[in-house]
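Working notes for the structure below.
The values are calculated or read from the model by the stated rules, or taken from the named source; none is laboratory data. If you're wondering where the values come from, they're calculated on a predicted model, not measured in any experiment. FYI the Cβ positions are ideal-geometry reconstructions off the backbone, even for glycines, and counts take in every protein chain you see. Ligands, DNA and RNA are stripped out before the accessible areas are found, and what is left, the full protein with its side chains, is counted by its heavy atoms. Shrake-Rupley method; radii C 1.70, N 1.55, O 1.52, S 1.80 Å.
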Amino acid sequence: MQLAEATRKRILYLLKINHMKPYDLSKAAGIALPTLSDFMKNDTKNLRMDTMLHICEGFKITLADFYSDSIFDDVISE
């Protein structure tokens, strides 16, 4: 699985377990909803690392928590 796809799946999972919608995450993370929506729709292939940090802050987790999921074990380059 490619990194962007794994990241999308991880965000969707965290949205689900936190009972959040993308709008809720964009507000909690302080990022523009189109930034998140475009990535989730695969209109944008990658997110900047500072955006990922804000997303993690929106979920109240660290970057290490985000990426320490088995979904990232077999990630291949884009």
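Rounded to the nearest 10 degrees, the inclination of helix 49-59 to the longest alpha-carbon principal axis of the chain is 60 degrees. Spin-label pair residue 9-residue 72: with each label point 7 Å from Cα along the Cα-Cβ axis, the two points sit 1.4 nm from one another.
In the chain, carbon and sulfur make up what percent of the accessible area (probe 1.4 Å)?
Numbers: 2670 of 4940 Å².
That share works out to 54 percent.
Positive end of the dipole of the chain (Cβ unit charges, origin at the Cα centre): among 40, 23, 13, the Cα lying farthest that way belongs to 23. Per residue, the chain exposes 63 Å² of accessible surface when a 1.4 Å probe is rolled over the protein heavy atoms with every protein chain present. Each Lys and Arg adds +1 at its Cβ and each Asp and Glu adds -1 at its Cβ; summed about the Cα centre, the chain shows a dipole of about 300 debye. Label separation (residue 43 vs residue 60): 3.1 nm, computed from points 7 Å beyond Cα along the C-beta direction.
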